[in-house]
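Worksheet for the structure shown next.
Each reported figure results from applying straightforward, stated rules to the coordinates on display, with no laboratory input. All of these numbers come straight from a predicted model, not from anything done at the bench. Backbone-built Cβ (ideal geometry, glycine too); neighbour counts: all protein chains shown.
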């Protein structure tokens with residue numbers, strides 16, 4: 001399966017701490033995306049990183065991509081209770097094929 | 001203004017019934033999708049249309065039939081509903097390629113009794 005696999009499956013941290021989530025995949029990608037899903041809501045796009053990029057930032061989010069290890073990490077700095085959500089990585093493989101989502105990581109940020 | 005909207009938000013129905021879910025996007029995107037999210041939050045693509053043409057058709061029972069009357073709308077009709085169809089169904093859209101950023105609707109929670 002080309003599906004990305006996130007780890008850990010669940011993460012619980014204290015407000016103010018950093019949260020690091022990882023995603024690994026099996027076949028070469030065109031890009032990798034991270035999405036957030038709050039409880040009872042649709043997915044919201046966070047960041048897209050292309051296969052020729054190594055790092056991207058967006059506010060408190062930092063995404064890295066290591067194509068040699070076929071892995072990506074999402075770092076949320078100075079976490080807030082509002083960051084409590086499920087986080088999914090999604091990978092694009094081949095030409096114009098579907099986006100494949102991982103199973104998600106449940107992040108709980110304790111106030 | 002809601003970018004991707006779905007109706008209804010909740011759908012409770014009996015086994016064997018036929019139901020439809022509607023989706024509309026006002027982003028001017030060319031590509032739309034239907035996803036199914038199960039109780040373990042696993043998100044699986046079902047269909048995708050680009051400019052009213054079917055471009056992704058995953059292994060889905062024939063009871064599910066998408067219809068795109070224009071590029072801003074993608075509806076999902078489900079015949080003879082089964083218990084296993086209970087899930088959250090998400091509509092999404094992207095500007096062009098399925099690998100571009102996708103914008104999701106709020107979801108339709110379907111419960112088959």
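Summary of computed values
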| read-out | value |
| --- | --- |
| Ranked list, fewest to most other Cβ atoms within 10 Å of each Cβ, for A:74, B:54 | B:54, A:74 |
| Relative counts (whole %) of C-alpha pair distances in the stretch B:4-112, using bins that are 5 Å wide | 2, 14, 25, 27, 19, 10, 3, 0 |
| Whether chain A is rounded, prolate or oblate, judged on the alpha carbon gyration tensor where a/c under 1.5 counts as rounded | prolate |
| Two-decimal log10 I(q)/I(0) for the protein assembly as shown, as the Debye equation yields it once each C-alpha is a single scatterer, q = 0.09, 0.12 Å⁻¹ | -0.37, -0.65 |
| For the stretch B:1-47: span of alpha carbons on each principal axis (Å, largest first) | 36, 21, 18 |
| Chain A, relative contact order [Cα under 8 Å, separation at least 6], % | 38 percent |
| Exposure proxy order (Cβ contacts within 10 Å, fewest to most) of B:68, B:93 | B:68, B:93 |
| Part-to-part distance (alpha-carbon centres) for the stretch B:3-52 and the stretch B:79-107, which is given in Å | 4 Å |
| Beta bridge orientation in chain A: antiparallel %, DSSP, nearest 5 | 90 percent |
